[in-house]
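A short write-up of the structure that comes next.
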Amino acid sequence: MSLLRWTTAASLIALAPCQAQSPPPAAAADVGSINAIMHAYYDVISGPAGDRDWNRFYSLWMPGGRLIQTSRAAPDSTPHTTVMTPQEFAQKLGPYFAKNAFYEQEISSHSVETFGAITQLFSTYGVMDAADDAKPKSRGIYSAQLFNDGKRWYIVTMYWDNEHRGTAIPPRYLQ
């Protein structure tokens with residue numbers, strides 16, 4: 001094999017993981033506005049123990065989209081991130097959701113900044129074991145980056161951190 005063909009083949013193999021799949025078609029009601037896509041996100045991951053509608057979940061995402069979880073080994077330890085594709089998120093959490101009820105909902109209005117086709121949104125969430133729980137067992141903030149192509153909204157990145165000792169959610173995100 002010539003050097004040129006070998007380097008071309010090696011380049012294509014190296015780039016293969018970077019090429020994202022197109023998402024399944026989305027329901028217009030799920031992606032027609034910022035509020036709609038955020039509601040759809042919370043709705044699709046929430047529910048009683050059982051399977052989630054992962055095709056609906058995937059349809060919300062821009063090809064190449066990422067979920068970034070911030071976590072700590074102990075409350076006072078250094079934070080680290082776990083970066084996942086929507087498919088990796090489903091693989092990681094699908095077995096948990098299959099056996100456990102999980103309800104996550106926005107617990108205050110979100111803050112939104114938009115410029116052109118891009119939007120940055122902070123959404124304060126609460127996690128409950130039942131849809132009618134009066135108080136969340138945990139809370140946190142999503143930093144969502146959204147994109148609008150003029151036809152629909154896409155989630156580009158969903159980046160979050162849970163409230164923990166020493167880091168309370170600021171009052172401005174609880175109004």
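The values are calculated or read from the model by the stated rules, or taken from the named source; none is laboratory data. The structure presented is a predicted model; accordingly, all values stated were derived computationally and were not measured. Positions of Cβ are backbone-derived with ideal geometry, glycine not excepted, and every protein chain shown enters the neighbour counts.
Taking the conditions exactly as written (among the charged types (D, E, K, R) and under 27 Å from PRO48 (Cβ atoms)), does ASP132 satisfy them or not?
The answer is yes for ASP132.
Does segment 96-103 include one or more residues that are out of contact with any strand residue (DSSP E or B) (no Cβ under 9 Å at 6 or more places or on another chain) and either more than 24 Å from LYS137 (Cβ to Cβ) or not in a loop (DSSP other than H, G, I, E, B) (or both)?
Yes, segment 96-103 has at least one match.
Could you tell me whether GLU106 is surrounded by fewer than 17 Cβ atoms within 10 Å (Cβ to Cβ) and more than 15 Å from GLY65 (Cβ to Cβ)?
So GLU106 fits the description; yes.
Filter segment 133-162 for residues that are of a type in the set (D, E, K, R), surrounded by 16 or more Cβ atoms within 10 Å (Cβ to Cβ) and under 23 Å from ASP76 (Cβ atoms) and give the result.
Once the filter is applied, which keeps residues that are of a type in the set (D, E, K, R), surrounded by 16 or more Cβ atoms within 10 Å (Cβ to Cβ) and under 23 Å from ASP76 (Cβ atoms), segment 133-162 yields ARG139, ASP161.
For segment 112-132, check the following and say yes or no: at least one residue is surrounded by fewer than 17 Cβ atoms within 10 Å (Cβ to Cβ), among the hydrophobic types (A, V, I, L, M, F, W, C), part of a strand (DSSP E or B) and over 18 Å from the mean Cα position of the chain (by Cα).
yes
Just give me the residues in segment 48-69 being in contact with a strand residue (DSSP E or B) (Cβ under 8 Å, 6 or more places away or on another chain), crowded, with 16+ Cβ neighbours inside 10 Å and within 19 Å of TYR125 (Cα to Cα), in sequence order.
LEU60, ARG66, LEU67, GLN69
In the set GLY116, GLY140, which member is at pLDDT 95 or above and in contact with a Phe, Trp or Tyr (Cβ under 9 Å, 6 or more places away or on another chain)?
Of GLY116, GLY140, the one residue that is at pLDDT 95 or above and in contact with a Phe, Trp or Tyr (Cβ under 9 Å, 6 or more places away or on another chain) is GLY140.
Which residues, counting only those in segment 130-157, are under 17 Å from THR114 (Cβ atoms) and not hydroxyl-bearing (Ser, Thr, Tyr)?
Selection gives ALA144, GLN145, LEU146, PHE147, ASN148, ASP149, GLY150, LYS151, ARG152, TRP153, ILE155, VAL156.
What's the total number of residues in segment 70-92 that are more than 17 Å from SER138 (Cα to Cα) and either free of Cβ contacts under 8 Å to residues at least 12 places away in the same chain or surrounded by 13 or more Cβ atoms within 10 Å (Cβ to Cβ) (or both)?
12
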